[in-house]
1. Just the residues that are farther than 17 Å from Cys111 by Cα and either in contact (Cβ under 8 Å) with a residue 60 or more places away in the chain or among the β-branched types (Val, Ile, Thr) (or both), please, taken from region 72-98.
2. Across region 114-131, what is the total count of residues that are free of Cβ contacts under 8 Å to residues at least 12 places away in the same chain and in a helix (DSSP H, G or I)?
3. Restricting to region 101-113, and then to whatever is touching a residue at least 40 places away in the same chain (Cβ under 8 Å) and in contact with a Phe, Trp or Tyr (Cβ under 8 Å, 6 or more places away or on another chain), can you tell me which residue is nearest to Ala28 (Cα to Cα)?
4. Being closer than 18 Å to Thr176 by Cβ, surrounded by 18 or more Cβ atoms within 10 Å (Cβ to Cβ) and either without any contact (Cβ under 8 Å) to a residue 40 or more places away in the chain or polar (S, T, N, Q) (or both) is the filter here, so list the residues in region 35-71 that pass it.
5. Under the condition of being of a type in the set (Val, Ile, Thr) and in contact with a Cys (Cβ under 6 Å, 6 or more places away or on another chain), which residue from region 115-152 is surrounded by the fewest Cβ atoms within 10 Å (Cβ to Cβ)?
6. Evaluate region 153-175: report whether one residue or more is touching a Cys at 6+ places or on another chain (Cβ under 7 Å), under 24 Å from Thr59 (Cα atoms) and not charged (D, E, K, R).
7. Can you find a residue that is in contact with a Phe, Trp or Tyr (Cβ under 8 Å, 6 or more places away or on another chain) and either at pLDDT below 95 or closer than 20 Å to Leu136 by Cβ (or both) anywhere in region 4-24?
8. In region 132-166, what count of residues is obtained for those that are without any contact (Cβ under 8 Å) to a residue 40 or more places away in the chain and assigned to a helix (DSSP H, G or I)?
Amino acid sequence: MIDRSQAASAAALKSAGVSRLASGYGLALAGTLVLTVSAKIQVPFYPVPMTLQTLAVLTLAALMGARLATGMVALYLLEGVTGLPVFAGAVAGPAYMAGPTGGYLVGFLLCAALVGWLADRGWTRGWLLALAAMTLGHFVIFAAGFTWLAYGLALGAGKAWAGGVMPFWAATAAKTVLAAALVIAARRVNLSRSAR
């Protein structure tokens, strides 16, 4: 027989779980909005535009951790596959995922999992490890994008490198440093607030 205190404890635990789940969904939706806005801020290149998406993916993954960040990017990709205009191009849907940016989009998911996993293990608490985590995240994104361009779309390694990697190195270096700085700053603000 369950007494009233046990029933109240069970109800409180259930309520806390529902609240945590709703909070997670809210953060994931907010993250997809950030990714969508970052996709629309772009410099046109061919075959792949330069956007702020990698900065957003790296920063969100480092702040949210592996589980939430991977879910957020998966939700973002699902939104795009279903036709919502969340990607850098004017259109979305399955055909967009099969186009030149498809490998990079898959790379976002892999990056979110990796950088989130590294953040969960403390890699974003200090500058050197944060820079290493962001660099690894960018490497994963570019590896997926390059592989898709070179072999999935059969452009060949030379054209994939020239059009899908080389034009982005300077911006990638800047976004790597900026993502690390944003994450370090956000963690310091959070620490100072929790110390009060």
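The values are calculated or read from the model by the stated rules, or taken from the named source; none is laboratory data. This structure is a prediction, so every number in the text was calculated from the model and none was measured. When we count neighbours, we look across all protein chains shown, and the Cβ atoms used for this are built from the backbone with ideal geometry, even at glycine.
1. Within region 72-98, Val81, Thr82, Val86, Val91 qualify.
2. Number of matching residues: 2.
3. Phe108
4. Hits for region 35-71 are Ser38, Thr51, Gln53, Thr54, Ala56, Thr59.
5. Across region 115-152, the extreme among qualifying residues is Val140.
6. No, that holds for no residue.
7. no
8. Residues in region 132-166 being without any contact (Cβ under 8 Å) to a residue 40 or more places away in the chain and assigned to a helix (DSSP H, G or I): 15 in total.
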